[in-house]
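Have a look at the structure below before the remarks.
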Amino acid sequence: MRPSTSFALAMALCAAVSATAAPVLPGPKFPQFADDKAVAAACDRGLAGATRRVRALERHAPDARWAAASDDLNAYLEDVAGPLYVLENVHPDKAIRSAAEKCTLRWQDFFSTMGQNEKLYAAAKKVKPRDAIDREYLRVTIDGFEDSGVGLPADKRPRAKQINDRINELGQQFDRNIRDKETQIAFTVEELAGVPENVWKDKPRDGEGRVLLGLDYPTYLPVLERAESAAARERIWRAKSNEGGDENLKLLGEIAQLRREYAELFGFKSYADFTLRRRMAESTANTQRFLDEVKSVLTERELRDLAELRDAKAKHVAQPVESVRVERWDVPFYTELVRRERYDVNQDAFRAHFPPEESLQFVLKIAEKMLGVRYTRVPAKLWHPEVQAYAATDVATGKPLAALYVDLYPRDGKYNHAAVWSFRNGSTRLKRSPQAAFVVNMDRKGLSLEELETLLHELGHALHNNLSATRYSAQAGTSVLRDFVEAPSQMLEDWVYDKEVLKLFATVCPSCKPVPDEMIDKAVVARDYTKGIRYARQHLYASFDLALHAADAPAPMGLWARMEGATPLGHVPDTRFPAGFSHLAGGYAAGYYGYLWSLVVALDLRTAFEDARLDPQVGMGYRKQVIAQGGQRPPKQLVRDFLGRETNSKAFFDWLRE
C-alpha cells in the first residue's frame, strides 16, 4: 500500500441519494486541470484559503468546540491538497504531474509551518476532551505538533522544519526517478521462449527486430517466472534491481542522514527510536525482538526451500546438484517450475478464468456480500479515460457512503506498483463522504490467482477508507498506526483461495468459465511453497530498514551489500536494490517491519472468519468494530472489541511453521 498523504483529509456534505435513486458519486467531483497553469492557480487558491483558516483557528478559544474547528481545517486541507498527491503519481500529462509535484512541495512547507504553530499547540493542550474519542484525537494532535518540533528550543525549530521539507522534496524526487524512467530491455524472440506470447507479442521492436520490454509488473514477472533463458531472466532482474540508479542511492543516503539529525534534535539517538515510540511496537528493542523471533522460525525453512530449488535446477539443466548454484533470478523461475510439476499449478492458467474487468467486479462483490457495501459504476471525467468511478452505498439502507476511483492498467508515467491513496476521509460529524484512488497495474489479458490476491489486498485499503464512520476526518480510514495499516488488507488475501468465495465470480461474469475445484485445491497446497524464501526476504527488507535508521545511519548501499551478502543467496555485485525501495524514501521509514507486524494481527483477525468467509453477520461486526473506527480507537482495542479477547501471535507463528 501506498500511504495516504501525511495530513488528515475531508470536506463538504455528501449528495443526498434515496434508496431507490440511481447512485451518484458522493462528495465533490475529482478536480480536472486543463494544464499545468491551472494546477498552479488552484494551488495558489488552496494555500490562500488554508492560511485564512489557520488564522481563524488561532483566534478560536480552546473550548469544547476547538477539536471540531481543528478538524474543519483538516477537512478543507484534504479537499484542496489531497487530489494533487494522486495526480503527481498517475496523471498521463507529465507537465501536470510536475505542476502537482511543485504544489505538494508548497503544501509541505505549509504543513511543516503549521506543525510548529505555538498558538494551535497551546490551544490543543488546554482543551478538555468530552470523551475517549476526543481524548484520542487531542493526543494524536498534540503528538503531531511535538513531533514537528513545536516544543524544541527556538533556535532548533527552523532546522527541524528545513529537514522535514528537504526529506519530502528528496522523497518526491526518488519516486519520480523510478516513475518517469521508461526503461526498455531488448530480447530476441528466442530468448523469450517459455514466456506467454500475450506478454510480449504486441510490444514494440527495435531496429534489429528485438522485443522491447518494460519493467511494469504484468511484463516483468512473467519473464522472470517463465523465461527458459537464464540470461534473459538475469537481464530483466538486474534492470529491476537497478531501478532508480546511483542517483536514488545518494538521495536515500541523504534522507537517512537527515532523519538521524532530526531525531537528534529531539534527544533521540536514532530515527527508529524517535518514530517507533508512537507505534504498536512501542520501541526499537521490541521491534528487533519481534524480527529475531520471526527469523528463528524462518531460517531452517529458507534453507530447505533453497535446497529444493537447487535440486530442481540441477534436474532442469541436467547437471550434478553439487555443481549447481541457485541465483536470485532463478528463484521465481524454479519456484514456478516446481509448482507446475509437483502441484500441477500454473498461475497463467488462471488468466482465462479471471478477466481484469470482471475480476474487479468480483472483489467488489466480495465486499458487498461480506461487508454490506454495494459499488455501482457511474460516469465521471477523471485523469485518464480508462479510470473508473464507483459510488458506494450501504446495502441495507441505500445510504450513500463513498466514492472510489479505480485505475487498473499500466501506462507510461504512472505509479508502477499497487497502492491506494485515501485522499479524502469521511466524518460523521460533518456528514462527509470519503473518497479514495485505487491504483494497480493489471494484465489486460487476465489475472493470475496471485494478482487477484493483490487486487483484493488493495481493495482492503480502499474499504478502510470508504467504510470509515469516525467523528473526525483526521481519524478516519487508514489514519491508523503504521504497523496496523496493512492488517485489514492482509486479512482478506486468503479469500481468493476459498472455493465458496470464488463461486461469486459467476454472479459478475456468467459467461466466464468457472475455476475447477481441483485447480483451487492444488493452488492452496502450492501457495506456501518457498514460504521460507519469501518471508526471509521480507525479514531482510524490515531489518535493512531498521538498520538504515539506527544511530549510525549507515550508507544505504554498503549496508545492503553486507546484509544481503549474509543471506544464503548472497549479494549480487553491481545491483542497487535500495535505489528502488520507495517505501523507505516515503512513509515507511523505520516502519517496513509493519508488513510482518500487521500480518500477525491480520491472521488473528482471520480466525473469526475461519468457517464463514462471507458471513454477513461476522462481516458487519468486523466492519463496525474495526474498519469503520479508523484511528479513533487504538488498534489493540479494535481487535479486542471484534475478537472478544486480546490479540496474540499464535495464528501467525503456527502458519509460519506449517
Query raised in the report: So for the pair K201, E300, with labels modelled 7 Å out along Cα→Cβ, what separation do we get in nm?
Result: 4.9
Report summary line: The distance between the Cα centres of the range 172-214 and the range 502-532, in whole Å, is 30
Query raised in the report: Can you give the three extents of the C-alpha atoms in the range 293-442 along their principal axes, from longest to shortest, in whole Å?
Result: 68, 39, 31
Query raised in the report: Under a 5 Å amide H to amide H cut-off, with H placed in plane at 1.01 Å, what residues pair with R432 once short-range neighbours are removed?
Result: S427
Query raised in the report: When the label point is put 7 Å from the Cα of A551 along its Cα-to-beta-carbon vector, which residues of the range 262-296 have a backbone N closer than 19 Å?
Result: 262-277, 283-289
Query raised in the report: Taking other Cβ within 10 Å of each residue's Cβ, how do E308, E88 sort, fewest first?
Result: E308, E88
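Taking Cα pairs under 8 Å and at least six residues apart, what relative contact order does the range 574-658 come out at, in percent?
31
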Report task. Please report how far the C-alpha centroid of the range 228-288 lies from that of the range 77-110, rounded to the nearest whole angstrom. Result -> 24
Report summary line: If the label point sits 7 Å along Cα→Cβ of N286, residues of the range 608-641 with amide N under 19 Å come out as 631-641
Query raised in the report: Given that just one value was derived from the coordinates, which of (1) 0.95; (2) 1.32; (3) 1.45 is Cα Rg over 2.2 N^0.38 Å?
Result: (1)
Query raised in the report: What GluC sites (Glu not before Pro) does the range 367-453 have in DSSP loop regions with at most 14 other beta carbons within 10 Å?
Result: E386
Requested in this report: Using a/c under 1.5 as the rounded threshold, could you call the range 609-654 rounded, prolate or oblate? The axes a ≥ b ≥ c are square roots of the C-alpha gyration tensor eigenvalues, and prolate needs a/b larger than b/c, oblate otherwise.
Outcome: oblate
Report task. Can you tell me how much longer the chain between E386 and D246 gets when fully stretched, taken as 0.36 nm per residue apart minus their C-alpha distance, in nm with one decimal? Result -> 47.0 nm
Report summary line: Spelling it out for H571: with amide H atoms placed in the peptide plane at 1.01 Å from N, the residues 5 or more places away or on another chain with amide H under 5 Å from its amide H are G565
Query raised in the report: Between the helical axis of 157-179 and the dominant principal axis of the chain, each derived from Cα atoms, what acute angle in degrees is found, rounded to the nearest 10?
Result: 30
Requested in this report: Report the relative contact order of the chain, percent, no decimals, based on alpha-carbon pairs under 8 angstrom and at least 6 residues apart.
Outcome: 19
Requested in this report: Take every Cα pair under 8 Å in the range 49-125 that's 6+ residues apart, average their separations, divide by the length, and report that relative contact order as a whole percent.
Outcome: 32
Query raised in the report: Cα-Cα over 22 Å: which of K102/K431; K119/K161; K431/K624; K414/K445; K365/K522; K369/K503?
Result: K102/K431; K365/K522
Query raised in the report: Add -39500 (n - 2.57) for each DSSP H run of 4 or more in the chain, then divide by its residues: what number comes out at 222 nm, to the nearest 500 deg cm²/dmol?
Result: -17000 deg cm²/dmol
Query - Amide H contacts of V378 (H built 1.01 Å from N, under 5 Å, at least 5 apart or other chain) - result: A389, Y390, A391
Report task. Could you tell me which trypsin sites (Lys or Arg not before Pro) in the range 349-421 are loop residues by DSSP with no more than 15 other beta carbons within 10 angstrom of their beta carbon? Result -> K381, R411
Query raised in the report: How many angstrom lie between the C-alpha centres of the range 368-414 and the range 561-608?
Result: 31
**Report entry** Three-way shape label, the range 185-241, alpha-carbon gyration tensor, a/c 1.5
**Finding:** rounded
Report summary line: Filtered hits (aspartates and glutamates, Cα-Cα < 13 Å from K181, offset >= 8 within chain) -> D216, E243, E247, D412
Requested in this report: Taking the chain as the reference, fit the longest principal axis to its C-alpha atoms, fit the long axis of helix 556-565 to the helix C-alpha atoms, and give the angle between the two in degrees, 0 to 90, nearest 10.
Outcome: 40
Query raised in the report: Using only the Cα atoms, what convex hull volume per residue in Å³ does the range 555-596 have?
Result: 86
Report summary line: The aspartates and glutamates whose Cα lies under 19 Å from the Cα of K295, excluding any fewer than 8 residues away in the same chain, are D305, D483, D528, D545, E564, D654, E658
Query raised in the report: To the nearest 10 degrees, how steeply does helix 245-265 sit against the main Cα axis of the chain, on a 0 to 90 scale?
Result: 40
Query raised in the report: Which length gain, in nm to one decimal place, applies between A396 and R411 when the Cα-Cα distance is subtracted from 0.36 nm times their residue separation?
Result: 1.6 nm
Query - Packing rank of 287-295, 69-77, where each peptide gets the mean count of other beta carbons within 10 Å, highest leading - result: 69-77, 287-295
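Readers should treat all values here as calculations from the given coordinates under stated rules, not as data from a laboratory. Predicted model only: the values in this text are computed from it and were never measured. Don't worry about glycine lacking a Cβ; one is built from the backbone with ideal geometry, like all the others, and counts go over all protein chains shown.
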